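Written below as structure tokens is the structure these notes are about.
The values are calculated or read from the model by the stated rules, or taken from the named source; none is laboratory data. Not measured: the values here are computed from a predicted model. Cβ placement follows ideal geometry from the backbone for every residue including glycine, while neighbour counts extend to all protein chains displayed. We work out accessible area using only protein heavy atoms, side chains counted, and drop any ligands, DNA or RNA first. Shrake-Rupley method; radii C 1.70, N 1.55, O 1.52, S 1.80 Å.
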Amino acid sequence: MPTDAEEYSLLAGAVRRLLDVAVDSRTLDGPTLVHAAHAIDRVSEEIETARDELSPEQRLIPFDGQRAPMPSWQFELDHDGLVARGQFSNGHTGPPGTVHGGWVAFAFDEILGWANVQAGFPGMTGKLTIRYRKPTPVGVPVEFRVPRPRVEGKRVQVHGTLSVDGSVTADAEGLFVHFKGRRRSPTQEW
């Protein structure tokens, strides 16, 4: 039986919490770490067993721009494009108090890809270039802005910015490959 978005959000939130506490767990004693690892393995085995009972068709999950352990994004479409708002947490920490650049890149890949889907041109990432302008702090609201992508044949070019309090901390240029015959109706015209 497929789950609904609310049930998956509950699991995704628990995974994010686990990531947040696991980042700081290296200072804990050995027995605590071993006990926690075994408990996590038991939960993973339970999920794997349930997943393995599904047919390959039932395992296909439509891309929706939300992937644990990425932050939960609130998406909004307006006349300028897609806006995604959320907050990186402790589990996304790189240098103290700031988001690791790999998480920023992952977020751009997901959000630029979701903007393409919303515009009606889903595809695969061909090239993603990130420019880090300044550190993105952990634990504060962030905003991604993505104007409508430019489409030339199979090439979908899109860019976006990541901001904190109106100050751009990173920007990205993406080249995605759209597969003919896989056009999807946009959710709303931009």
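So the values come out like this:
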quantity	calculated
Residues being of a type in the set (G, A, S), free of Cβ contacts under 8 Å to residues at least 60 places away in the same chain and under 14 Å from E110 (Cα atoms) - total across segment 64-95	3
Selection within segment 132-151 - open to solvent by less than 30 Å² (accessible area, probe 1.4 Å), under 17 Å from A105 (Cβ atoms) and in a loop (DSSP other than H, G, I, E, B)	T136
Selection count, segment 95-104, where residues are open to solvent by less than 30 Å² (accessible area, probe 1.4 Å) and either over 16 Å from S163 (Cα atoms) or in a helix (DSSP H, G or I) (or both)	2
Any hit, segment 123-131, residues being open to solvent by less than 10 Å² (accessible area, probe 1.4 Å), touching a residue at least 40 places away in the same chain (Cβ under 8 Å), closer than 30 Å to E152 by Cα and out of contact with any Pro (no Cβ under 8 Å at 6 or more places or on another chain)	no
Every residue from segment 6-45 that is among the small types (G, A, S) and in contact (Cβ under 8 Å) with a residue 40 or more places away in the chain	S9, A12, G13, A22
Some residue of segment 12-25 being of a type in the set (G, A, S) and either open to solvent by 90 Å² or more (accessible area, probe 1.4 Å) or over 25 Å from W73 (Cα atoms) (or both)	yes
Yes/no for T161 being crowded, with 21+ Cβ neighbours inside 10 Å and either more than 22 Å from D80 (Cβ to Cβ) or at pLDDT 95 or above (or both)	no
Single residue of segment 4-56 satisfying the filter (among the acidic types (D, E) and assigned to a loop (DSSP other than H, G, I, E, B)) that is farthest from S89 (Cα to Cα)	E53
